[in-house]
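Written out below as structure tokens is the structure these notes cover.
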Amino acid sequence: MTANNGKWLILVAFPAAIGFFALLVGRLWLPPGEVLGALLGRGDVPDLSRTLVLGVRLPRVLAAACVGAGLSAAGAAFQGMFRNPLVEPRILGASSGAALGAAAGLLAGWSAVALQASAFALGLAAVLGAWMLSRGFGSSILVLVIAGIVVASAFDALLGILKYVADPTDALPAITYWLLGGLGTVRWGQLWPLLGTTALGTAFLVASRWRLNVLSLDELEAESLGLPVRRWRMAVIAAGTLLTAAAVAAAGVIGWIGLLVPHAARALVGPDHGRLLPASLALGAGLMILLDTVARTALPAEIPLGILTGLVGIPAFCFLFLRSLEARGGWR
């Protein structure tokens, strides 16, 4: 086996191994044989173990894998296309829009499915608003990013208004806790839309891998190779936004994953998107499953995912930033 094949075997095995481990652990530890039996549909598995594995833990593990993979793939695509290693999926306002949609659903007392739909719709609306705003000023990459920041700020202000008028004994704590991120309420009914959206968005990005390589070049150089840059840029943004909005709608606002995982994948397999995207998908899925497992088992009360990703992401970002400074010759 070559070193390259061994590396890919590890990448594929990482989310699978972490996912199986996550099915074993919890308030009640389950034997591996019972977990395998439940997954294979054997009749000799105790009802409690079957319910825990198939009804509670498996949909949560799959949701965590979808969220991590989607955010990581969107981050890898955006970093290449914007030619900026500090870009992450939230840059165009999708997370702010989705947060506003979810807060509105919580304030109105909607069901979990309706809340997800509201978060998803406003996440897409935020990016569409950024795109329409940027079109009036030339539609360049810089203008689009600035428009995304403006739209995100507007949605954040609207979210502040909703939190201000929310009942401080009921709705406000629910909104605040949801914004911290978590997968504690995910069941099969909330999982299917996330699975479908993640599969659609990641499949499009992987199928567009060579175009992403071209989009990472200078715009004039990309156009000289015959690629309609604006059309493909908007298609990639739409796919990344789809993944981001679906992740935020299911799990709340999860930071750092879409920023840091592509860096780790790039260090392992290089910048070619044909290898970078699959590596980002595997690492992102495995890391999010791991963090979610820690979130639900480390303490008696579940830890919000946003807190854990921040605790992991901030030191990792500082390390990347300092290494980048060192490569450039230090402070100037």
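The values are calculated or read from the model by the stated rules, or taken from the named source; none is laboratory data. These numbers come from a predicted model, not from an experiment. All Cβ positions, even for glycine, are placed from backbone atoms using ideal geometry, and neighbour counts span all protein chains on display.
For the reader, a short list of remarks on this structure follows.
- Cβ pairs under 9 Å, 6+ apart, first in the stretch 236-251 and on the phi > 0 side of the Ramachandran plot, second among the acidic types (Asp, Glu) and surrounded by fewer than 24 Cβ atoms within 10 Å (Cβ to Cβ): none
Quick grid of which residues meet (1) in contact with a helix residue (DSSP H, G or I) (Cβ under 8 Å, 6 or more places away or on another chain); (2) over 22 Å from Ala199 (Cα atoms); (3) assigned to a loop (DSSP other than H, G, I, E, B):
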residue: Gly19; (1), (2), (3): yes, no, no
residue: Leu36; (1), (2), (3): no, yes, no
residue: Gly80; (1), (2), (3): yes, no, no
residue: Leu100; (1), (2), (3): yes, yes, no
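- Residue match in the stretch 11-22 (condition: buried (at least 24 other Cβ atoms within 10 Å of the Cβ), β-branched (Val, Ile, Thr) and within 24 Å of Gly240 (Cα to Cα)): no
- Here the condition is being in contact with a Gly (Cβ under 7 Å, 6 or more places away or on another chain), surrounded by 18 or more Cβ atoms within 10 Å (Cβ to Cβ) and either among the hydroxyl-bearing types (Ser, Thr, Tyr) or more than 16 Å from Thr241 (Cα to Cα) (or both); of Leu107, Leu122, Leu115, it holds for Leu115 alone.
- Count of the stretch 38-53 residues which are surrounded by fewer than 14 Cβ atoms within 10 Å (Cβ to Cβ), outside any loop (DSSP other than H, G, I, E, B) and of a type outside the set (Val, Ile, Thr): 3
- Residue match in the stretch 157-176 (condition: within 22 Å of the chain's Cα centre (by Cα), at pLDDT 90 or above, under 23 Å from Gly123 (Cα atoms) and buried (at least 16 other Cβ atoms within 10 Å of the Cβ)): yes
- In the stretch 265-280 there is no residue matching the filter, namely being in contact with an Asp or Glu (Cβ under 8 Å, 6 or more places away or on another chain) and either at pLDDT 85 or above or surrounded by fewer than 19 Cβ atoms within 10 Å (Cβ to Cβ) (or both).
- Counted residues, the stretch 125-146 - those being under 19 Å from Leu100 (Cα atoms) and free of Cβ contacts under 8 Å to residues at least 40 places away in the same chain: 5
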